[in-house]
Amino acid sequence: MLYWTGLPARQPRPRPLALPGLFVAGTDTEVGKTQVTCCIARWLVRRGVEVGAYKPVATGTVPAGDTLPPQSDPVRLWEAIGRRATPQRVVPQWFALPAAPPLAAAAEGRLIDEPLLLQGALWWERHCRFLLVEGVGGWFSPLSQQMCVADLAVLLGLPVVLVVPDRLGAVSQTLCALHAMATYGPGCPVAAVVLNQVQPPGAEADVAGNYEQLRAWCPRVPVLRLAHAAEAFSPEVDWLGLGQ
Ligand SMILES: Nc1ncnc2c1ncn2[C@@H]1O[C@H](COP(=O)(O)OP(=O)(O)OP(=O)(O)O)[C@@H](O)[C@H]1O
Ligand SMILES: [Mg+2]
């Protein structure tokens, strides 16, 4: 039997962020982290929660003059939280090249501002009551010269929502990521796995059993589904409860 099901529970530890919230991570880039984060944000906004969103760095973001494109992560997240603060507070560092952040920064002759990766999240402490943090790429994607996504997630200590695309390989990708989350440094609590139907039904072969397989292999973690083109989770999910 998979040892993930038998890992010891981690002790709660102090975290620098005095806010409840969730860290939305993915098994990879383009798997639906922003889609899921926006669904959660809209659910919270509908309940009157003052929600903030934060993504430490975005790449492939090219502003037109002073305006960020509407389909960029900063703007999508900012819209979903009801336009709280500014897109620049949501994503304080962005770069044009669609590459890993240190490479995208280097292409512009810049370095990632490493202290800002954490400071940008802490700014939200006085400006919201619940913070959604979107990761960058996958769990071990580099954020800077020294830090990867897992380092920031461990620092923040928020429960993690893992987004997995509903395609062949989803079970292995999920278990690899959960293993890494449990064992990297002091580990991260996992709030849920979201099996995300990025493609329309029928577009992906052999995915029919993914949901049942994940539920069987991850008995300790809620496994949720986001349907293709869905604006919300159905049935509803208590995101406030998961983010405590
Ligand atoms: N459930 C879904 N239904 C339809 N389209 C989806 C769904 N989830 C994601 N997509 C689409 O897939 C693409 C990638 O999704 P998204 O931008 O949320 O991924 P991401 O993991 O945040 O990517 P990045 O690593 O660039 O931040 C987008 O065009 C998005 O609209
Ligand atoms: Mg995104």
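The values are calculated or read from the model by the stated rules, or taken from the named source; none is laboratory data. No experiment lies behind these values; they were computed from the predicted model shown. Quick reminder, even Gly has a Cβ in these numbers, built from the backbone with ideal geometry, and neighbours come from all protein chains shown.
Of the residues making up region 139-157, just one is within 13 Å of ligand 1 (Cβ to nearest atom) and out of contact with any helix residue (DSSP H, G or I) (no Cβ under 7 Å at 6 or more places or on another chain), namely V149. Inside region 147-174, residues that are within 16 Å of ligand 2 (Cβ to nearest atom) and more than 28 Å from A216 (Cα to Cα) make up a count of 1. When V36, V49 are screened for being part of a loop (DSSP other than H, G, I, E, B), aliphatic (A, V, I, L, M) and either at pLDDT 95 or above or within 12 Å of ligand 1 (Cβ to nearest atom) (or both), only V49 passes.
Working only within region 98-116, note down all residues that are part of a loop (DSSP other than H, G, I, E, B), surrounded by 14 or more Cβ atoms within 10 Å (Cβ to Cβ) and either under 19 Å from the mean Cα position of the chain (by Cα) or modelled with pLDDT under 95 (or both).
The answer is A99, A100.
Residues considered: P222, P186, P200. Of these, the only one that is within 24 Å of A18 (Cβ to Cβ) and not charged (D, E, K, R) is P186.
So, of the residues in region 132-146 that are away from ligand 2 (no atom under 16 Å from the Cβ) and touching a Leu at 6+ places or on another chain (Cβ under 8 Å), which turns out to be modelled with the lowest pLDDT? The extreme case among them is Q145.
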